[in-house]
Amino acid sequence: MRTAKITLNNKEYLLCFSTRVIRSCAERYGSVDGIDAALSEGDQLKKLDESIWLLSAMLDGGARYAKLNGIDNPPAPTFDDLYDICDISDFSNLKSKIQETITNGKEASVNIEASKNVIATPTA
C-alpha cells in the first residue's frame, strides 16, 4: 500500500493513497494524471485548496487503512480543520508529502529465498 507519514499540529498521521483516494481524484480531476496539474497550476489560493483537499482525502485513507490493520493512528482532522491546524510552513511540505505518498510502494519488490536443499555445482 502506498503510505507515508506527516506531522501536523505536533501529531503524526498516516497518509494513504488507497483505491478510495484514487477514485475520488479521478472524480475531481478527470483522472489520476490531473493531480500534478491541480497542485501546480493556477493561483496560490487554488493550489492551497487542492493541496488541502488531497491531504484530507489521504488522511482519511490513512485512518481507514490504520483501523483495518490495527495501526495506532490519531483520528484524521477534517477538511475544515486542516485550514486551522496548517500554517505557511506546512504548505511547502504538503505537496512533497502528497507526492511521497503517491510514489511510495510503486517499486516492485521480489523476495527470493534460497532453498536449503539446493547444492551448488561449480561450472568450468
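Readers should treat all values here as calculations from the given coordinates under stated rules, not as data from a laboratory. As the structure is a computational prediction, the values presented were derived from the model and not from experiment. Positions of Cβ are backbone-derived with ideal geometry, glycine not excepted, and every protein chain shown enters the neighbour counts.
Across the options Pro74, Phe91, Ala63, the greatest Cα extent toward the positive end of the charge dipole of segment 63-102 (unit charges at beta carbon of Lys, Arg, Asp, Glu) belongs to Ala63. Under 1.5 on a/c is rounded, so check that first for segment 57-102, then, if it is not, pick prolate when a/b is larger than b/c and oblate when it is not; a ≥ b ≥ c are the square roots of the alpha carbon gyration tensor eigenvalues. Because a/c hits 1.5 or more and a/b fails to exceed b/c, segment 57-102 counts as oblate. Applying both filters, DSSP loop and at most 13 other Cβ atoms within 10 Å, to the GluC sites (Glu not before Pro) of segment 6-82 gives Glu41. Using the Cα gyration tensor of segment 3-103, with a ≥ b ≥ c the square roots of its eigenvalues, what is the shape: rounded (a/c below 1.5), prolate (a/b larger than b/c) or oblate (neither)? Oblate. Each of Ile98, Ile71 has some number of other Cβ atoms within 10 Å of its Cβ, and from fewest to most they run Ile71, Ile98.
Using only side-chain charges placed at the Cβ, +1 for Lys and Arg and -1 for Asp and Glu, the dipole size of segment 3-103 relative to its Cα centre rounds to 380 debye.
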